[in-house]
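Peer 1: Sharing a structure below in C-alpha cells format, with a few things to ask.
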There are 2 protein chains.
Amino acid sequence: MYRIGIDLGGTFIKGGIVRNKTDIIYKTKIETPQSHTPGDTCEAINELVTMLRNNLATGPDECELIGIGSPGSVDAGDGIVMYSNNFGWERPVKLAEAISIPQNLPVKISNDANCAALGECLANNLDKGTYIVITLGTGVGSGIITDGRIYEGAHPGAIEMGHMMIRYGKRKCTCGMRGCFESYCSATGLIKTAVKNLKKGSGLYNAYKEKGQLDGKMITDLVRAGDNNAKKVFDRYLTDLGTGLTCICNVFRPDAVLLGGGVCESFDLMDDFLNDFVRNNIFGRENGFVPVIKKATTGNDAGIIGAANLAGDL
Amino acid sequence: MYRIGIDLGGTFIKGGIVRNKTDIIYKTKIETPQSHTPGDTCEAINELVTMLRNNLATGPDECELIGIGSPGSVDAGDGIVMYSNNFGWERPVKLAEAISIPQNLPVKISNDANCAALGECLANNLDKGTYIVITLGTGVGSGIITDGRIYEGAHPGAIEMGHMMIRYGKRKCTCGMRGCFESYCSATGLIKTAVKNLKKGSGLYNAYKEKGQLDGKMITDLVRAGDNNAKKVFDRYLTDLGTGLTCICNVFRPDAVLLGGGVCESFDLMDDFLNDFVRNNIFGRENGFVPVIKKATTGNDAGIIGAANLAGDL
C-alpha cells in the first residue's frame, strides 16, 4: 500500500506517492489557483490527488491514506484549517473532509512546517529523540518532532516559534507585532537588514545598485568574497538567529535544531558561530545539555514525506 | 497510603504529607543549610522526611513515595539534578538516590517550578487540557502541564521560559544573558524598572527615599492610590509581561496561563490589560484560539502538592 503526501503552498501544490516511509516513487505539482478560495483550492488538491492515484502502477485503490500540509493554524485532530494568513482564510475550512469525501479515503492534515519537520526527521532516521526544524524562508517555519511524531501543542496556532519576539517593539512583522524572530531571521529579514545597512562603495551597495534588489545568495556570496559590508550584515543576522535559537533551546532543550531554507545553502558560514552562540548563552551553559545546530538536508521533498506520514509509520 | 512532597528552596525546605491527590494533612519546614552543599542539603531533606514519616498516625511505613521539587536543571527520568545555579551545584547531584536509599522508598524529582505548576493544576482540578503556570518571584519560574502531567521537554534545562529574550542585548539577567523575560518580569525586574524610573516628587520617589528600597506591594499600592509615576512603571511592566506571555502562547497555545507570585496579589490591576494584550497580539488574533490569563490560587502549597504527585495519580 502507498500513501499520498500533499504540500499546499501559495504558488504550487506539490504531491507525491510515498512508500516505505520516505521513498517518493512519483511526484508532481500543479499551480495553486490564485483566487486562493477554499473551494478552488480544495478542487485543485482533489485534481492533484486523482492524478497521483491514477499514476499508481497497481491502480488507484492501492492508496491507503492522504496527508496534507497546509499553511496556517491547523486543528490536526478535527482536520480543519482554522485560519490561514497566506490564503486569506479567516474562517475555518474543513480541509480533510473536502478531500476525504470525494476520494473516499482517510485524510490527515497538519501545518506545513510541522510536515516539513516530520519529513526531515524521518528522511534522516531521526525517529528517536526530540528535534526542532526551523525553515528560514519568506517567513520562519517551525516544527518539533519527538520520537517521530509531531508535537502539535495544545490548540491550533501553537509552535509558531517565528513569532517569539526577540526585540520587542522594533521591526514590523507580517503578523502585526514588532520584533518577532521571523522579522529578523527569515530570508526576507536578512535582505531587509542588508538594504537598511548599505555602505556606499561596498560590494553589497554596488550589487544592490546594479540589480535593484538583493537576495540571500548575493549576500552570502559577498561574505565569501570578503566584502566588509556584507560581513557586518551577516554577523548581525547570525546574532539575531543565535538569539532566537537560544530561546527555543531554553524552552524545549531538544537533541538538535535543524535549519533549512535557502540561506542554509551557506550553512558552512553559520555553523561555528551559531553553535558557539548557543553554547555560550543557553541557560546553565556547559553545565546543561547543549543542543547541536545542524543543517537540514531534505529540502523541498520534506513536506511531501512528512504529510504522507501524518498517521504514523508506513 | 500517603505520599510526601518536598519543596527544596534556598532558605527553607518545606515538606508535607499528602493524600487524595491534593490534601496536605500535615506540613512543616526546616531551614536550608546555608552551606548549600549536596551532602548537607540531602542530609537536611532526609531529616525532614523522617520527621514527616514519624508524624503519620498509622506509622512511617504508610508512606508509599517521596517527591521532590528542586531548583535547577533536573533529569527527572534518572533522578539527578544536573545543575543548580541557586545552590551552586555545578556537577550532577544524584538527589533521588540520596533520599531513596536511606528512606527505602521510591523517590521522584522534578524542577521546583514544574512541581508548583503541577500542584496548581491538580488543586484546581485542571487535569484535562494544557496549562502553563508562571511564577513571578525573585525569578520567573515556569511549568507546563498537559492532562495532569508535567511536560519536561527533551533534556534537563528545558521549560526555562523566563530565559526567552524579549529585548535582546538590553537588561542584564542573572543567567548571564541580556533582555530575558525574567529580567523584566520577575518581582525583582519590576522593582528595577521602578528604581530606574523614579520621578522626583512622585509618591513612588518619596516612598523609595523614605524606605531606602521598594517592593512589589509598595508599587501596586501606589498604583491604586493614583500615583502617576507608579502607574507608568506598572504599565511598562505589564507591557513586558504581555510580550512574554504572547511569545509563550504562540509556542504552546495552552488552554490558560496561570500567574502566581507576590505581584499577582494585585491581579485585579493586571487582568484586563494582559488578556487584551494577548488577544490583540497573538499570532492569528481572534481567528485562532486565544488562551486566557488567570491568577494562580494555590500559593506556597502548590510545590508540595505537585511534588507528591510526580509519579501520577494518588
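Values in this text are rule-based calculations from the coordinates and carry no lab data. Quick caveat: nothing in here was measured; it's all calculated off a predicted structure. Every residue, glycine as well, gets a Cβ built from its backbone with ideal geometry; the counts of neighbours run over all protein chains shown.
Peer 1: Note down the net charge around B:D227, summing +1 for each Lys or Arg and -1 for each Asp or Glu among other residues with Cβ under 10 Å from its Cβ.
Peer 2: On the way: positive: B:K199, B:R224, B:K231, B:K232; negative: B:D221.
So the environment of B:D227 carries a net charge of +3.
Peer 1: Which of the residue pairs B:K217/B:K294; A:K14/A:K295; B:K170/B:K199; B:K94/B:K295 have a Cα-Cα distance greater than 25 Å in the structure shown?
Peer 2: Numbers: B:K217/B:K294 19 Å; A:K14/A:K295 23 Å; B:K170/B:K199 22 Å; B:K94/B:K295 35 Å.
Violating the 25 Å limit, Cα to Cα: B:K94/B:K295.
Peer 1: Viscosity 1.306 mPa s, temperature 10 °C: give me the Stokes-Einstein translational D for the stretch B:130-295 in µm²/s, with Rh taken as the Kirkwood radius over C-alpha pairs.
Peer 2: Values: Rh = 16.4 Å.
Stokes-Einstein gives a translational diffusion coefficient of 97 µm²/s.
Peer 1: Distance cut-off 28 Å, Cα to Cα: go down the list A:K27/A:K231; B:K211/B:K232; B:K128/B:K231; A:K108/B:K128 and report the pairs above it. Please list the in-between numbers first.
Peer 2: Numbers: A:K27/A:K231 39 Å; B:K211/B:K232 21 Å; B:K128/B:K231 38 Å; A:K108/B:K128 24 Å.
The answer is A:K27/A:K231; B:K128/B:K231.
Peer 1: Just how large is the dipole of the protein assembly as shown about the Cα centre, in debye to the nearest 20, putting +1 at every Lys and Arg Cβ and -1 at every Asp and Glu Cβ? Before the final figure, lay out the partial values.
Peer 2: Numbers: 66 positive and 70 negative charges, 551 e Å.
Taking the Cα centre of the protein assembly as shown as origin, the dipole is about 2640 debye.
Peer 1: Among A:S266, A:S142, A:S73, whose mean-square fluctuation peaks in a Gaussian network model of chain A (Cα, cutoff 10 Å)?
Peer 2: A:S266
Peer 1: Between B:E97 and B:D221, what is the label-to-label distance in nm when each label sits 7 Å out along the Cα-to-Cβ direction?
Peer 2: 5.1 nm
Peer 1: Here's a follow-up. For chain A, return all DSSP H helices satisfying: extent of Cα atoms along own axis at least 30 Å; mean Kyte-Doolittle hydropathy at least -0.5.
Peer 2: Details: long enough: A:228-252 (35 Å, 0.11).
Answer set is A:228-252.
Peer 1: With N set to the number of residues, divide the alpha-carbon radius of gyration of chain B by 2.2 N^0.38 Å and report two decimals.
Peer 2: Working: Rg = 20.1 Å, N = 314, 2.2 N^0.38 = 19.6 Å.
Its radius of gyration relative to the 2.2 N^0.38 Å reference: 1.03.
Peer 1: In addition: Can you sort A:D272, A:D23, B:D112 so the residue with the fewest Cβ neighbours within 10 Å comes first?
Peer 2: On the way: A:D272 11, A:D23 14, B:D112 26.
Ordered from fewest to most neighbouring Cβ atoms within 10 Å, A:D272, A:D23, B:D112 come out as A:D272, A:D23, B:D112.
Peer 1: To the nearest 500 deg cm²/dmol, what mean residue ellipticity at 222 nm is calculated for the protein assembly as shown from DSSP H runs of n ≥ 4 alone, each contributing -39,500 (n - 2.57), summed and divided by the residues?
Peer 2: Working: 20 runs with 229 residues, N = 628.
The per-residue figure over the protein assembly as shown is -11000 deg cm²/dmol.
Peer 1: Further question: Find which of B:L310, B:V263, B:V133 sits farthest along the positive direction of the dipole of the protein assembly as shown, computed with +1 on the beta-carbon of Lys and Arg, -1 on that of Asp and Glu, about the Cα centre.
Peer 2: It is B:V263.
Peer 1: Fewest Cβ neighbours within 10 Å first, please rank B:M51, A:M218, B:M270 accordingly.
Peer 2: Numbers: B:M51 13, A:M218 18, B:M270 21.
Least crowded to most crowded, the residues run B:M51, A:M218, B:M270.
Peer 1: A further question follows. Note the distances from B:F12 to each other copy's matching label point, with points 7 Å along the Cα-to-beta-carbon direction, in nm, sorted shortest first.
Peer 2: 6.5
Peer 1: In peptide B:165-172, how many Cβ atoms from other protein chains are near each Cβ within 10 Å, on average?
Peer 2: Numbers: counts 12, 8, 7, 14, 4, 2, 0, 0.
That works out to 6 on average.
Peer 1: Please work out the FRET efficiency for the pair A:T50 and A:T174, using the Cβ-Cβ distance as r and a Förster radius of 41 Å; give the result to the nearest 0.05.
Peer 2: Working: r = 34 Å, r/R0 = 0.83.
Once rounded, the FRET efficiency stands at 0.75.
Peer 1: For A:C42, B:C121, what's the fewest-to-most ordering of other Cβ within 10 Å of each Cβ? Let's see the in-between values first.
Peer 2: Details: A:C42 19, B:C121 33.
Listed from fewest to most nearby Cβ atoms, that is A:C42, B:C121.
Peer 1: List the trypsin sites (Lys or Arg not before Pro) within the stretch B:120-190 that DSSP assigns to loop and that have no more than 13 neighbouring Cβ atoms inside 10 Å. Please list the in-between numbers first.
Peer 2: On the way: sites: B:K128, B:R149, B:R167, B:K170, B:R171, B:K172, B:R178; in loops: B:K128, B:K170, B:R171.
Taking the stretch B:120-190 and a limit of 13 other Cβ atoms within 10 Å, the loop trypsin sites (Lys or Arg not before Pro) found are B:K128.
Peer 1: Please report the net charge: other residues with Cβ closer than 10 Å to the Cβ of B:G79, K and R +1, D and E -1. Mind dumping the intermediate values first?
Peer 2: Values: positive: B:K94, B:K108; negative: B:D75, B:D78, B:E97.
The answer is -1.
Peer 1: Additional query: Let me have the relative contact order for chain A, percent, based on Cα pairs under 8 Å that are six or more residues apart.
Peer 2: On the way: 665 pairs, mean separation 64.6, N = 314.
That works out to 21 percent.
Peer 1: At a Förster radius of 41 Å, what calculated FRET efficiency corresponds to the Cβ-Cβ distance of A:Q34 and A:L269, to the nearest 0.05?
Peer 2: Working: r = 36 Å, r/R0 = 0.88.
It comes out at approximately 0.70.
Peer 1: Three principal axis extents, largest first, for the C-alpha atoms of the protein assembly as shown, in Å?
Peer 2: 74, 60, 44
Peer 1: Further question on the same structure: Which residue, A:I304, A:I132, A:I219, tops the fluctuation ranking in a GNM of chain A built on C-alpha contacts under 10 Å?
Peer 2: Result for chain A, Cα springs under 10 Å: A:I219 fluctuates most.
Peer 1: If you average 1/r over every pair of different alpha-carbon atoms in the stretch B:58-175 and take one over that average, what Kirkwood value in Å do you get? Could the numbers behind the result be given before it?
Peer 2: Numbers: mean 1/r = 0.0645 Å⁻¹.
After inverting the pairwise mean of 1/r, the radius is 15.5 Å.
Peer 1: Dividing the alpha-carbon radius of gyration of the stretch B:131-185 by 2.2 N^0.38 Å (N being the number of residues), what value is obtained? Can you show the working numbers first?
Peer 2: Values: Rg = 12.1 Å, N = 55, 2.2 N^0.38 = 10.1 Å.
Here the Cα radius of gyration is 1.20 times the empirical estimate.
Peer 1: For chain B, what is the percent of antiparallel DSSP beta bridges, rounded to the nearest 5? List each step's numbers first, then the result.
Peer 2: Working: 30 of 50 bridges.
DSSP beta bridges in chain B are roughly 60 percent antiparallel.
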